[in-house]
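Accompanying notes for the structure given below.
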Amino acid sequence: MSDLLEARAVSRSFGGLQVTCDVNFKLAAGDRVALIGPNGAGKTTLVNLITGDIAPSEGQFFMGGDEITDISIPDRVRRGLVRTFQTTRLFANLTVADNVALAIMQRKRITRRFFSSATELPEVRAEWSEILSHLGLDRLAYRKVIELAYGQQRLIELAIGLALRPKVLLLDEPAAGVPHDEAPKILEAINRLPADIAVLMIEHDMDLVFKFARRVLVLAAGRLIFEGSPDDVTADHEVRRAYLGSYADARRAT
Amino acid sequence: MSEIVVTRVPHKRSIPFGQEAAGALSIIALGAIGYFLYPDDLAFLTRLIGIAFLVLSLDLVTGYCGVATLGHAAQFGVGAYAAGIACVRGIADPVALLAVGVFAGTIMGLISGALITRFRGLPQLVLSIAVGQLVAALANKLSWLTGGSDGLSGITPGKVFGIFNFDMYSRTAFLFSLGVLVIVFVLLQRFVRSPFGLMCRGIKDDDLRARMIGVSIYPRLVLMYGVAGAVAGVGGALTAISTGVVGLDSVSFERSAEVLVMLVLGGAGHLWGALAGTIIFMIFEHIVAAANPFHWMTLVGLLLILIVIFAPRGLIEPVLALFARLKRKGSAA
Ligand SMILES: Nc1ncnc2c1ncn2[C@@H]1O[C@H](COP(=O)(O)OP(=O)(O)OP(=O)(O)O)[C@@H](O)[C@H]1O
Ligand SMILES: [Mg+2]
């Protein structure tokens with residue numbers, strides 16, 4: 001079976017700044033991969049490259065063996081490549097329900113209907129109301145996104161991602177800004193996803209990384225410097241120097 | 001894994017077709033006020049309805065899609081000229097002329113949309129002005145067809161449904177226009193709440209987010225422009241039919257700018273905002289221009305400044321907020 005997603009020798013620079021250097025990796029069905037690295041390492045940039053938000057200076061991306069480097073953002077989404085944003089990008093003036101409903105309707109190809117009331121379509125409603133209640137957002141369904149707290153908005157990012165039923169899901173720090181007692185809902189939602197999709201999560205919170213990931217990629221200064229199991233990561237010398245430092249020591253101490 | 005309790009979100013309470021019925025009845029009520037209390041002003045009120053279509057049309061692209069345009073009169077003017085020319089050349093049936101206007105407006109909308117929505121921000125605005133000016137220049141240059149600067153006259157439509165003659169008091173014209181407005185408004189109310197309409201509002205909010213859920217934005221905006229063109233075409237055709245003339249003013253830059261002012265005044269992104277803006281602006285202009293023909297623009301400017309300060313998102317916003325508060329109180333009680 002071919003990989004769901006592959007990056008082959010991808011590089012990108014802004015002006016003189018090399019932000020992504022010769023990155024190679026593969027995501028296979030069932031993968032749960034964490035992408036970690038210090039601030040400014042180029043993690044978000046890598047997601048932007050994968051989704052087509054920015055074009056690589058060099059290198060290629062493949063999905064299921066087909067090259068996707070030059071196809072448009074919406075075409076990639078239609079192939080099942082879905083992301084969430086680190087800084088939320090939502091339909092701010094629409095309700096929470098509408099935000100999720102739009103994703104569902106787009107997936108179901110019914111956004112070209114002109115005269116039916118959108119959010120209350122029964123088949124759409126059932127789905128968004130389930131997604132929202134899983135994330136504890138059901139009571140906010142008819143509130144405008146712009147009126148909500150930042151942590152709640154973060155969860156809507158995830159809700160939209162789930163609504164698109166991805167084959168490859170890229171989560172850019174889904175837990176950042178989410179209140180501590182809400183954060184477990186994120187992992188629960190990910191655990192409910194079909195086993196055969198690939199999930200890549202950028203995350204700084206190492207506890208979350210250990211609970212989620214079976215494989216860890218470490219990015220530093222645009223290069224993938226390590227790939228391995230979560231346990232190997234904390235042991236690896238270079239990773240500790242580049243990033244983990246205190247965390248690994250703290251873990252060892254306990 | 002522990003069992004998950006899924007609490008269902010309660011349905012939004014709403015009466016089927018309630019909004020549409022309320023919309024239709026409100027417009028009919030407003031029309032009745034005009035018809036019975038101001039029988040001498042029906043020609044003016046008919047013109048107002050014609051412009052209302054253009055403001056509604058502008059609302060579709062600006063209020064619902066976030067497209068910046070100062071050339072929207074082109075859609076209206078092309079509809080007006082098409083209906084006028086068709087009438088001069090022998091089509092007399094008003095409904096058929098309306099169809100001609102809608103068709104021409106749609107084509108013009110699709111062409112404008114295809115050009116204008118390729119760009120964003122200032123280039124988009126400039127392009128919209130250029131398209132508007134191009135149409136205005138063509139209307140002027142093709143005088144054998146359009147009457148040029150003299151305007152297109154001699155438009156004498158037949159009876160509505162073969163029964164009602166256009167009378168000199170504009171009664172037929174007014175009622176015909178009002179009837180068409182009710183139909184178009186109700187259709188638009190459903191349209192803006194449809195999946196397509198909702199997606200347009202999403203695109204307005206954040207087009208990158210829209211693309212990231214798999215939406216191809218450009219074809220949608222062009223399509224929306226086509227719909228807007230159809231609505232503007234209705235207004236143009238109605239104005240041509242009811243006034244019997246089509247002048248260069250119907251495609252002018254001033255017209256485009258004026259309807260944008262009306263939309264902002266009423267509240268972009270709400271159909272009622274478009275209507276309210278048109279009604280308030282045109283009646284204000286009508287009264288003040290009669291009282292003081294030299295300074296009415298100053299007063300309009302003053303009015304606008306006040307509104308931008310006290311209701312920056314249009315007059316309809318505070319009204320809607322009030323309605324929402326009453327409704328919440330009602331459901332809490
Ligand atoms: N569009 C851009 N133009 C110029 N420089 C950019 C652009 N996007 C990112 N960069 C730069 O690339 C570097 C990597 O940024 P990126 O956002 O990918 O880091 P990150 O690993 O996601 O960091 P964080 O953990 O803070 O989210 C930064 O130095 C940033 O300034
Ligand atoms: Mg980042």
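The values are calculated or read from the model by the stated rules, or taken from the named source; none is laboratory data. Since the structure is predicted, the reported quantities are computational estimates derived from the model, not experimental observations. FYI the Cβ positions are ideal-geometry reconstructions off the backbone, even for glycines, and counts take in every protein chain you see. Side chains included, ligands, DNA and RNA excluded: accessible areas come from the protein's heavy atoms. Shrake-Rupley method; radii C 1.70, N 1.55, O 1.52, S 1.80 Å.
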So B:G101, is it open to solvent by less than 10 Å² (accessible area, probe 1.4 Å), assigned to a helix (DSSP H, G or I) and closer than 21 Å to B:G314 by Cα: no
Of all the residues that make up region B:195-215, how many are within 22 Å of A:P122 (Cα to Cα), more than 7 Å from chain A (Cβ to nearest Cβ) and of a type outside the set (G, A, S)? 1
Counting just the residues of region B:174-192 that are at the interface with chain A (Cβ under 8 Å from one of its Cβ atoms) and in contact (Cβ under 8 Å) with a residue 24 or more places away in the chain, which one comes out least open to solvent (accessible area, probe 1.4 Å)? B:F191
Within region B:17-24, does at least one residue satisfy the condition of being within 14 Å of chain A (Cβ to nearest Cβ), at pLDDT 70 or above and surrounded by fewer than 11 Cβ atoms within 10 Å (Cβ to Cβ)? yes
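From the set of residues in region A:26-48 that are within 14 Å of A:S13 (Cα to Cα) and within 14 Å of chain B (Cβ to nearest Cβ), which is nearest to ligand 1 (Cβ to nearest atom)?
Going through region A:26-48, the residues within 14 Å of A:S13 (Cα to Cα) turn out to be A:40-46, A:48.
From what's left, within 14 Å of chain B (Cβ to nearest Cβ): A:44, A:48.
Numbers: A:T44: 3, A:N48: 7 Å.
Among them, the one singled out is A:T44.
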For region A:49-96, give me each residue that is in contact (Cβ under 8 Å) with a residue 24 or more places away in the chain, assigned to a helix (DSSP H, G or I) and within 16 Å of ligand 1 (Cβ to nearest atom). A:L49, A:I50, A:T51
Conditions (1) open to solvent by 10 Å² or more (accessible area, probe 1.4 Å); (2) aliphatic (A, V, I, L, M); (3) within 14 Å of another protein chain (Cβ to nearest Cβ); (4) over 13 Å from the mean Cα position of the chain (by Cα) -> B:L221 fails only (1)
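Has region B:257-278 got at least one residue that is open to solvent by 90 Å² or more (accessible area, probe 1.4 Å) and either in a helix (DSSP H, G or I) or not basic (K, R) (or both)? Write out each step before concluding.
We begin by selecting, within region B:257-278, every residue open to solvent by 90 Å² or more (accessible area, probe 1.4 Å); these are none.
No, region B:257-278 contains no residue that is open to solvent by 90 Å² or more (accessible area, probe 1.4 Å) and either in a helix (DSSP H, G or I) or not basic (K, R) (or both).
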Conditions (1) in a loop (DSSP other than H, G, I, E, B); (2) away from chain A (no Cβ under 14 Å); (3) touching a residue at least 40 places away in the same chain (Cβ under 8 Å): number failed by B:M168: (3)
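Just checking, which of B:L37, B:L60, B:L115, B:L45 is modelled with pLDDT of 95 or more, open to solvent by 50 Å² or more (accessible area, probe 1.4 Å) and among the hydrophobic types (A, V, I, L, M, F, W, C)? Spell out the reasoning first.
On the way: B:L37 fails: modelled with pLDDT of 95 or more; B:L60 fails: open to solvent by 50 Å² or more (accessible area, probe 1.4 Å); B:L45 fails: open to solvent by 50 Å² or more (accessible area, probe 1.4 Å).
Criteria check complete, one pass: B:L115.
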For region A:184-218, which positions are in a strand (DSSP E or B) and closer than 20 Å to A:G151 by Cβ? A:M201, A:I202
Among all residue pairs at least 6 apart or on different chains, which show Cβ distances below 6 Å where the first residue, located in region B:294-321, is farther than 15 Å from B:A276 by Cα and the second is open to solvent by less than 50 Å² (accessible area, probe 1.4 Å)? B:W296/B:V288; B:W296/B:A289; B:L299/B:V288
If a residue must be within 16 Å of ligand 1 (Cβ to nearest atom), more than 13 Å from A:L137 (Cα to Cα) and under 13 Å from the mean Cα position of the chain (by Cα), how many such residues does region A:148-206 contain? 11
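Taking region A:116-164, which residues are β-branched (V, I, T) and touching a residue at least 60 places away in the same chain (Cβ under 8 Å)?
Hits for region A:116-164 are A:I156, A:I160.
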